[in-house]
Amino acid sequence: MTRFLQDTGLMKNASENRILNQVRDTASDLVMSAMNFLGVPYKRGGKSLESGFDCSGFTRHIFEMSVGLVLPHRADEQARLSSLIPIKQEELKPGDLVFFNTMKRTFSHVGIYVGDGKFIHSPRVGSAVRVEDLREAYWAKRFTGARRADLAAAQASADNRSAQAQPAVIR
């Protein structure tokens, strides 16, 4: 797994600045979390390990679990979320959301970019969470956009919520 992360640019040398490393670590954690769900079955409307996932239920679960960012449950709503920044395909970085037109509708499918032209998603009934290549003809033809979350802000917000949830210590 370490080699995959190095080959895809998720892990570089430790001499880079701290903020960049924090964002990269957050993206790496997000991608690593997603990889833990390989093989989980597709379920229409699914949003948990126990029930299975549909595409947007999968991305929602990973973002909430990894960085505390709660996404809407529908792919088109995720694509239109004002807190996500539209990016070009050539600007993709691990942890970005990638969107496709798979049902004759823009933004009808979503996955998470993992690096090296690949993304992880929950594709369809009868299948399971898996990694695929954006350059495959099917996906390349249907790619409709990508979005990036401010992972550092999401992590800071999640940390803040966690700190507020801690019980007060009485001395």
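The values are calculated or read from the model by the stated rules, or taken from the named source; none is laboratory data. From a predicted model like this one, the values you see are computed outputs, not experimental measurements. When we count neighbours, we look across all protein chains shown, and the Cβ atoms used for this are built from the backbone with ideal geometry, even at glycine. With ligands, DNA and RNA removed, areas are computed over all heavy atoms of the protein, side chains included. Shrake-Rupley method; radii C 1.70, N 1.55, O 1.52, S 1.80 Å.
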Exercise for review: Quick one: count up the residues across the range 47-79 that are at pLDDT below 95, assigned to a loop (DSSP other than H, G, I, E, B) and either closer than 17 Å to V125 by Cα or open to solvent by 70 Å² or more (accessible area, probe 1.4 Å) (or both).
Suggested key: 4
Review point. List, please: which pairs have Cβ atoms under 6 Å, are six or more places apart or on different chains, and start with a residue in the range 53-81 that is closer than 18 Å to V114 by Cβ and end with one that is of a type in the set (D, E, K, R) and modelled with pLDDT of 95 or more?
Key: S56/R74; L71/R60
Check your understanding: Would a scan of the range 18-36 turn up a residue that is under 18 Å from R124 (Cβ atoms), open to solvent by 50 Å² or more (accessible area, probe 1.4 Å), modelled with pLDDT of 90 or more and not in a helix (DSSP H, G or I)?
Key -> no
